Amino acid sequence: MLNQLKSGARSAANSIGEKMNEVAPDASAKLTQLKKEAKGKATTTIAAVKSKGTDVAVDQINALASKILHDVVTPKLSDSLGEDPDMPQVVRDSIGFAVEEIMTEVEENIHEKVEEALKGTIVSMREKIEAPPYACCCPNPFTWSRALLLHTLFPHDKSIWANIRSPVWWVVKIISVFPVYYISTLFFALIWLLKSKKDEYQLINFIVALKQAHFISYGLLGSILGNVGFIQCAILHPHENPTVYHHPGGMNDTQPDLPCSTSGPGLDLPFWPTALIFVLQIVLTWASAAFLPCSKRLGDRGNQARAKERQAKKILKLRKAGQNDEADVMERKQQKTASKIVRIKYWLVYDSCCCLLIAVLCVMAAMGSGAMDAGPTNIPSLLHITMWWCRILYGLLCVPWMFLQGFLYPLILHTKSTAYNARGQVVPLANANEKKRAWNRRHPNRVVPWV
């Protein structure tokens, strides 16, 4: 009997042991899974608390900076610039308005820098900023060539000092302002086709660069070439190569021409190609302006989106608390910031006036030279020369665009600077650390000069 009891107890123990061995792996796996979930929740909670604390710090610093700028710096700067008692009130009010606008731009730049310093760049944008270049002719020759040209001309990770060390950069820049054979305009037409039409800054920057190139290539260099040609035909060789003079009315058919009527400035170029290239310069400007309403600011590292999200939460919180006036002020400030893209319209209005002036001069020359009766194949010399000098005049009228340099560029046009990475993608400008890493990748065997 005792043996039977022992045998039954032993078999029961073995059965319980087998059951525990079957359950133990599942229990161990469940315990491991619970530990992972708890660790994940703890990590998420810590990250959320850290993110919330960083958001509070960003908001506090930005609020303090805004208070100092608007309550201290702006009034003192406006008073110091308008302290002359003989200054007209209109000028004084204009100075106050300009100072307020500049301080608003400074405030936004400070907010973005604080956001970037404390919150950092989103991962996807950081990967685009530090993307390596394509291998030669990959993924296809067109994409590789486009990326190489755009990154050479508009690099996001190089300073002006790095650019001037590149022979390729100099060659491309010289081509962009070459004043003869229509090279400058055709080059910008190519760049317009290659550039992104989705980014606000790239469109505005193309317009500004095009106008600046017009001033250099046609305004300065073109006027020099025109004056040299005039001196050559009027003074150095005044009676060489006489030709038959064809008056629109058919009179004086045997009177010999002076060289300036046949070989003066611009007469060595065909009329219609010159006129079409001139029109192309204007069309490129307005084609870029036409894309602006559909463009976006691709220069955001994620900071602007995070700031807008926090701002929206603040506005919602204020409305729930019944503080509608403060919420309305914040919304109006957001709308004002978003609507500053219209600043380029004042420059486009100026360009429209210049184009209208050129058109009036060309029409007057066409009417005065009898071009209407002569037909499209027999362009009078007067209209030909007028077209040449009108192109130079238009280039000289582009001189105001030359002031859009350095810190004046974002302050006047309110744009977020972007450039192209090594793969031809639009990205924000690299910061100091990103430029250092890019320099190390380009020069792996050189000693870093700033260490």
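The values are calculated or read from the model by the stated rules, or taken from the named source; none is laboratory data. Note that the coordinates shown come from a computational prediction; the quantities given were computed from them, not determined experimentally. All Cβ positions, glycine included, derive from the backbone under ideal geometry; neighbour counts span all protein chains shown.
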| said: Tell me yes or no: at least one residue of segment 406-420 is closer than 29 Å to LYS198 by Cα, surrounded by fewer than 20 Cβ atoms within 10 Å (Cβ to Cβ), modelled with pLDDT of 80 or more and among the small types (Gly, Ala, Ser). | reply: yes
| Taking ASP157 and the conditions (1) touching a Lys or Arg at 6+ places or on another chain (Cβ under 9 Å); (2) outside any helix (DSSP H, G or I); (3) not assigned by TED's automatic domain parsing to the domain that holds SER417, which numbered condition does it fall short on, given that it satisfies the others? | (3)
| field | Subset of segment 142-180 that is touching a residue at least 12 places away in the same chain (Cβ under 8 Å) and of a type in the set (Ser, Thr, Tyr) - its residue that is surrounded by the fewest Cβ atoms within 10 Å (Cβ to Cβ) | value | SER159
| said: Give me the residue from segment 287-305 that is of a type in the set (Gly, Ala, Ser) and in contact with an Asp or Glu (Cβ under 8 Å, 6 or more places away or on another chain) and, out of that set, modelled with the lowest pLDDT. | reply: GLY299
| Would a scan of segment 306-313 turn up a residue that is at pLDDT below 75 and of a type in the set (Gly, Ala, Ser)? | yes
| request: Tell me, yes or no, whether segment 181-190 has at least one residue that is touching a helix residue (DSSP H, G or I) at 6+ places or on another chain (Cβ under 6 Å), surrounded by 21 or more Cβ atoms within 10 Å (Cβ to Cβ) and without any contact (Cβ under 8 Å) to a residue 40 or more places away in the chain. | output: yes
| field | Tally of residues being assigned to a helix (DSSP H, G or I) and either modelled with pLDDT under 90 or of a type outside the set (Phe, Trp, Tyr) (or both) across segment 172-214 | value | 30
| task | Would you mind stating whether ILE129 is within 17 Å of the chain's Cα centre (by Cα), surrounded by fewer than 13 Cβ atoms within 10 Å (Cβ to Cβ) and closer than 24 Å to ARG442 by Cα? | result | no
| said: With the requirement that a residue be in contact (Cβ under 8 Å) with a residue 24 or more places away in the chain and either closer than 17 Å to THR104 by Cβ or of a type in the set (Lys, Arg) (or both), what does segment 60-87 give you? | reply: ASN62, ALA65, SER66, LEU69, HIS70, VAL73, THR74, LEU77
